[in-house]
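Engineer: Sharing a structure here in structure tokens format.
What follows draws every value from the coordinates through simple rules; no lab data is involved. Note that this is a predicted model, so its numbers are computed, not measured. Because the Cβ atoms are built from the backbone with ideal geometry, glycine has one as well, and the counts that use them run over all protein chains shown.
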Amino acid sequence: MDFSFSHFPFDLVLFGLIAAFLALRLRSILGTRVGVEPASPAAPVPRPGPVIEGRAEPPAPLTDYDVPAPETRVGQVLAAIAGQERDFVPAQFLRGVEVSFRQVVQAFAAGDRTMLRERLTAEAFNAFDAAIQSREQAGETQKSEVRAMTSLAIVDAAIDQLAGAPRARIDVRIVSDQISLTLDKDGHPVAGTDAVTEFSDLWTFERLLGASIGGAAWRLTASRSA
């Protein structure tokens, strides 16, 4: 019997051992994963809230509207106004007052006479215009900013006659947080403060009832501290 190893396939055995060694190494590194694994979902990135000037701004407080009860004297006058003006709703009227208040305050500070003519009666406009003229002649500037409207309350109402036409008048107490500061020509403060301050004002609005042209809008006719 020939025990010669001249024909034994040593090269195949060597290659097989190398392949088995590589398979074992890959198995120890990769583990027993089979197939394609789904990618792990990325953690959602939280979306930051609105940030202004490097800090989160708190939500603006809601304005409190105070309307007299229907059984009160003022409530009965409001009902009489609604009887002659079908679109009159006290709460909607107060929303309009809030818009008008902001516009008038800004217009007075900026000397915007066009806006003031739209929102004021002739008598009230003359008073505001005289104050603006005095400020301009002194070289002063007004800085006003309404930061928040705390409350608006209807405190009185009446119907009278103006040139034979019914006229409604409503007094509204307005509580607001404002910055109000008057500066001289050199930029030095002469009145008010740049700190937020609470103001309480009593504004009187009037409107000709049943008028479709001229006088149909509610206009400011008087203003004073409350």
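Engineer: Per residue and in cubic angstrom, what volume does the convex hull of the Cα atoms of the range 70-225 have?
Structural biologist: Convex hull of Cα atoms, per residue: 107 Å³.
Engineer: Here is a follow-up. Applying 1/(1 + (r/R0)^6) with R0 = 25 Å to the Cβ-Cβ distance of residue 76 and residue 163, what FRET efficiency is obtained, to the nearest 0.05?
Structural biologist: It comes to 0.50.
Engineer: How far, in nm, would the chain grow between residue 84 and residue 144 when pulled straight, counting 0.36 nm per residue and subtracting the alpha carbon separation? Could you put the intermediate results ahead of the total?
Structural biologist: Values: separation 60, 0.36 × 60 = 21.60 nm, distance 3.70 nm.
Gain in length upon complete extension: 17.9 nm.
Engineer: What number comes out for the charge environment of residue 118, summing +1 per Lys or Arg and -1 per Asp or Glu over other residues with Cβ under 13 Å away?
Structural biologist: Cβ neighbours under 13 Å give a net charge of +3.
Engineer: Still on this structure: Extension gain residue 188-residue 133, at 0.36 nm per residue separation less the Cα-Cα distance, in nm? Don't skip to the end; give the middle numbers.
Structural biologist: On the way: separation 55, 0.36 × 55 = 19.80 nm, distance 1.93 nm.
Separation in residues times 0.36 nm, less the Cα-Cα distance, equals 17.9 nm.
Engineer: Can you list the residues, at least 5 places off or on another chain, whose amide H is less than 5 Å from the amide H of residue 120, using H built in the peptide plane?
Structural biologist: When sequence neighbours closer than 5 places are left aside, the close amide H contacts are 220.
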